[in-house]
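Shown next, in structure tokens, is the structure this report addresses.
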Amino acid sequence: MKRAKGWAVASAAVLVVAGGTYVSANTNLLGSEELCHGLLTDSTVQEVIPGPGRLSSEDLGATSCRVTQSSLGIGAGDTEVELDVQSEDAGFPFERGLWQMTGRKAVFTEGATGVASARGGWVLLPEGCEVSGPLVGDDPEQIVLKAVFFEGEADPAGVARLLGEAAHGLAVRNDCDADAVRAPEQVAEPDPVRNTAPGKLCSLPGLEVSRLESDRGRPVEQTSGALERDWFCDLYFTDDTHGPYTQFAVVRDERLTAGARAADGPSWTAQALCDGTRTHFLMDSNDYPWNPEERSAAGLPDEQELFQRFVEAAAKAAGCPVPDAV
């Protein structure tokens, strides 16, 4: 009887140790509550990265860090996200051929200016915010906080909150306008990918071509945002690896208009005053690798004509006067 009781006590002790090991390896109940230079909390990161796992943070520099979620068990693996403060040229996020704000990403609708996806995102720090770091130049045009998931995927709305929280902390720490950047409660998720209708590109009435076909795959499109705020559309072919052959945008956010006007910005731009707000209409060919003959064979007019059609259709849909000259 005594031996049985001793076995029961020993078994209970093993369970406690095993349970403690599981809790330590798969949760942060026994760990730190602050991560990434103290800019993030466990709860924020755990909203973004689903499932059990222990969170740890490694500071990679004064303005960069790596957060890792690791866990034990069958099928368990690590999820990593890195945050870096970087400087960008004046054309960001619309540098020619390198748009960082597109129809395939969720767009912040409040709190800050930025985008998010399942693999990361970025947010602009407040204007005039002086943050030094290894990836920030001596005279940066814009300072951006970026997040990249190297393993695993996350909820875009959660990524936006993570970026907003970290950016707000950076602003507070560097005596910047912290009220200008905060975690958004929601984002505008991209619409599902859909077939492109030649008579209504990007679902804009009036933006039409006679046909649209290519041996590069089925023509499809994806949009994000809203015309009354900021709106984006990507046109591409399903079997093509070169990315969109055309990207459109309607931009009202003042933090984005500098990039729209920059010399290294979009290939095509026009602007109008819409209810007192300066609104920019943008188009970029994304340095798509085809010649005029291939473009025409696919059913598209030349870039100037396509942009003219886009501006007219988008301006009418957004309730704006159509610019006189493009």
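The values are calculated or read from the model by the stated rules, or taken from the named source; none is laboratory data. As the structure is a computational prediction, the values presented were derived from the model and not from experiment. Cβ atoms come from the backbone with ideal geometry, glycine included; neighbour counts cover every protein chain shown. In case anyone asks, the SASA skips ligands and DNA or RNA and just uses the protein heavy atoms, side chains included. Shrake-Rupley method; radii C 1.70, N 1.55, O 1.52, S 1.80 Å.
Data table
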read-out	value
Environment charge at residue 267 (Cβ cut-off 10 Å; Lys +1, Arg +1, Asp -1, Glu -1)	-2
Accessible surface, 1.4 Å probe, highest first, among residues 210, 117	210, 117
Residue 241 accessible area, assembled protein chains, probe 1.4 Å, Å²	130
